[in-house]
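Below is one structure, written out as structure tokens; comments come after it.
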């Protein structure tokens, strides 16, 4: 507790406050931008809404639905209507999923958070481990293997990795389910089933994020191993273990902290693809659907959510960096 | 902000997130899950997911909705049978009044009784302009619905409409639930309650629909107690999951269905359909608008080769919206593939061979664009086969693909590889396809065909109850399409299903173009009987 109290809470709070204020215009601009882009897209919300029935519907019928959905309103009007509603806590109704936006997000975000958190933690742990191992003996066989594997994976798109994993584990080996949250015939989501179904998507998402952590840690720790404090520690005869863990790792991991923040958007895009490949019932599937059917309320809410996640990720990494390296401070 | 307030805010946020996460992660369960006996549960793979489960928004309008019943229903031979009605309707002599007597003692799955008020509510809500139902034009003939007494409902029509009874297979929604919420966005659209043989237990959008048998179903409790429809858009994935035992049945394209031919314990079923593929011939285009070009294309295409090559034999050549084995088909309107005659027709009309074998008339090359829906392999193959046949007659067809968003603005002048078909009554698809009043209206009459003779025959045939007169009317339409083709019809496509042989005597209905949840051998899953 005493150590917690010693933390520079004041500056950290001020930084958080500043960022929160800054977030307001950013969020406004982003939502307006999303409305504008979606309105300019060739997708027709009424066509998406009516589905196959729309192919035989009369034009009068379709026009009436267009009016009922309010999509014949001008862009700014719709945005203002959405904004004022959202500020009073009413996020509107999703036209494609036929449910209130808050319900759509509520039902799905838990699964997305579960998937992303698992993948992120896995990527950080494995990435740090492999990075440190590679950095200890630069140029060794292990280092070269890890580094070249990391570069290869960096170039591989997550959906391709996903399809590859499905082919290998679900079709060839038959050890893991190919998709979904639970077995098809089962209505109850048991922990065991979910655990089995989350393995492949989480693994693929983690692997797609892994190279960044491996390469950053390898670089950071490798550089730190050649700095004066480390040489000094070695000269004093400290054990290699102490040198690595107490000295090199501490300064070498600093760049990784920034990375955590900046990887959040990548994680979100990665999740988008991975959820689609594995029919994971998270918010990604909803995002794709919202975008292609110009479902404004859902699209706007999801964009706000993603933007907020990115802003929070950045704030978090800046706070951590400030704590780890007092020279940086909390003014940035 | 002080440090303390930050900490408590953070703690509150954390607690909130955890509570939220816990709520989000709880999945509804009612204890019926888990595979019991092999024969009392079935899992099938389908390709299309309904947009909504509310009959008020169009769900189940052609019957077989599982969760609901209509006043009438279709049997295996597509004959109308009473369902929520006690018997077939009484039709007045002028064909404008339909009187239905309702079945006694039917309850919704929440235990509340089904009454005449529910029928009136359902039809009135669908026709309400605030209701976002894209199929309401199908009830265009309906003027008003009237509750005569607790067990009698009378439909008054604006004009005599012979196939009206076919429309009353549409499911009845409970007024005491659906009437209390927003028709477009209320929870009824995703958590429906009906009188049908099954009760929806869960709809995981994009993944599956789970049902359990309604033990109090008026038609008797179904033998298949747990029924799941997995939504798997990709054909290959669906086939793989069927092979791995994850599914008990699935719809498959011909090439994948063939791989199950010799599979042990699997039965293949082929459903006859009204599902056609055709090429629109926009009248506003100088080439496709020329009657000679239409006639030439109509006999230049080799339909038999398409059935054999594209469909692996699982289909029939199509000469019009009516398949050749339907009682409505006009005998003698089969076209013979005759390239020589096609070329003669073009020569006579002044389309002379120019450079590169492409014909010309008045300096205008015989060339037009043909769109197909991107990603639809079947349409792509039809489009390419059509283009290659047309080329042989000296007509250049430039095939292009795109989503409907890209195709729609070009439909007035470019040809489109389209599909459709509705088996219940010839009026259902032909009026939309051919009547000049619907030219260019949405996706109806995409060719913008305008033929007074056809218009008259279509209207006469829908307004008389006399079966012979109706048949004569639709024969006139089909013969007129030989003289002046509105579209080039290519094939009628069989729908193929593969099911484990755990149930006996499975059947299929004659299926429409849209074959989602209501089609397939599971059209009557409530009647399935174990094989042993």
Rounded to the nearest 500, what is chain B's calculated 222 nm mean residue ellipticity when only DSSP H runs of at least 4 contribute -39500 (n - 2.57) each, over all residues? -8000 deg cm²/dmol
Beta carbons within 10 angstrom, averaged per residue: use that to sort the peptides B:489-498, A:112-121, highest first. B:489-498, A:112-121
Please give the calculated 222 nm ellipticity per residue for chain A, where each DSSP H segment of at least 4 residues contributes -39500 (n - 2.57) and the sum is spread over every residue; nearest 500 deg cm²/dmol? -24000 deg cm²/dmol
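Please rank A:316, A:7, fewest neighbouring Cβ atoms within 10 Å first, as an exposure proxy.
Neighbour counts put them in this order, fewest first: A:7, A:316.
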Restricting to Cα pairs under 8 Å and 6 or more apart, the percent relative contact order of chain B works out to 19
For segment A:197-332, restrict the atom set to alpha-carbon positions and state the Rg and Dmax in Å. 19.8, 66
Most exposed first by the Cβ proxy, i.e. fewest other Cβ within 10 Å, how do B:41, B:54 rank? B:41, B:54
Rel. contact order, % - alpha carbon contacts under 8 angstrom, at least six apart, segment A:174-332: 23
What do you get for Rg/Rh over segment B:422-532 if you use C-alpha atoms and the Kirkwood form of Rh? 1.11
Rounded to 0.05, the calculated FRET efficiency for the beta carbons of residue A:102 and residue B:308 at R₀ = 45 Å is 0.25
Gap in Å between the Cα centre of segment B:230-263 and the Cα centre of segment A:216-234? 57
Label point distance in nm, residue B:223-residue B:507, each placed 7 Å from Cα along Cα→Cβ: 1.5
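Just tell me how shielded B:350-363 is by partners: mean number of partner chain Cβ atoms within 10 Å of each residue's Cβ, no decimals.
Per residue, the average neighbour count from other chains is 0.
Provide the FRET efficiency to the nearest 0.05 for the residue B:47-residue A:235 pair, computing r from the beta carbons and using R0 = 56 Å.
For R0 = 56 Å, the calculated efficiency reads 0.20.
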Separation of the residue A:316 and residue B:97 label points, Cα + 7 Å toward Cβ, nm: 7.2
Let me confirm one metric for peptide B:389-402, namely the mean number of other chain beta-carbon atoms within 10 Å of its residues' beta-carbons. 0
Crossing angle, helix B:452-463 versus chain B [Cα axis fit, 0-90 degrees, rounded to tens]: 30
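What is segment B:72-116 by shape, rounded, prolate or oblate, if you read a ≥ b ≥ c off the alpha carbon gyration tensor as root eigenvalues and call it rounded for a/c under 1.5, prolate for a/b larger than b/c, and oblate otherwise?
Numbers: a/c = 3.47, a/b = 1.46, b/c = 2.38.
It comes out oblate by the Cα gyration axes.
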Classify segment A:1-131: rounded, prolate or oblate, from the alpha-carbon gyration tensor (a ≥ b ≥ c, eigenvalue square roots; a/c under 1.5 rounded; otherwise prolate if a/b is larger than b/c)? prolate
Report, to two decimal places, the Cα Rg of chain A normalised by 2.2 N^0.38 Å (N = number of residues). 1.21
Where labels lie 7 Å past Cα in the beta-carbon direction, separation of residue A:73 and residue A:117 in nm: 3.6
Relative contact order in percent for segment B:54-165 (Cα pairs under 8 Å, 6+ apart) equals 25
Percent antiparallel among DSSP beta bridges (both partners in the protein assembly as shown, rounded to 5): 75
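Would you work out if the protein assembly as shown is rounded, prolate or oblate? Take a ≥ b ≥ c from the square roots of the eigenvalues of the alpha-carbon gyration tensor; rounded if a/c is under 1.5, else prolate when a/b is larger than b/c, oblate otherwise. Mind dumping the intermediate values first?
Numbers: a/c = 2.05, a/b = 1.67, b/c = 1.23.
Here the protein assembly as shown falls in the prolate category.
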In Å, the Kirkwood estimate of hydrodynamic radius for segment B:283-373 over Cα pairs equals 15.0
When DSSP assigns beta bridges and you keep just the ones with both residues in chain B, what percent turn out antiparallel, to the nearest 5? 75
Determine the distance separating the Cα centre of segment B:293-359 from the Cα centre of segment B:132-185; give it in Å without decimals. 41
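Since every read-out is calculated from the coordinates, none of them should be taken as a lab result. Note that this is a predicted model, so its numbers are computed, not measured. Note that we place each Cβ from the backbone using ideal geometry, even for glycine, and neighbour counts take in every protein chain shown.
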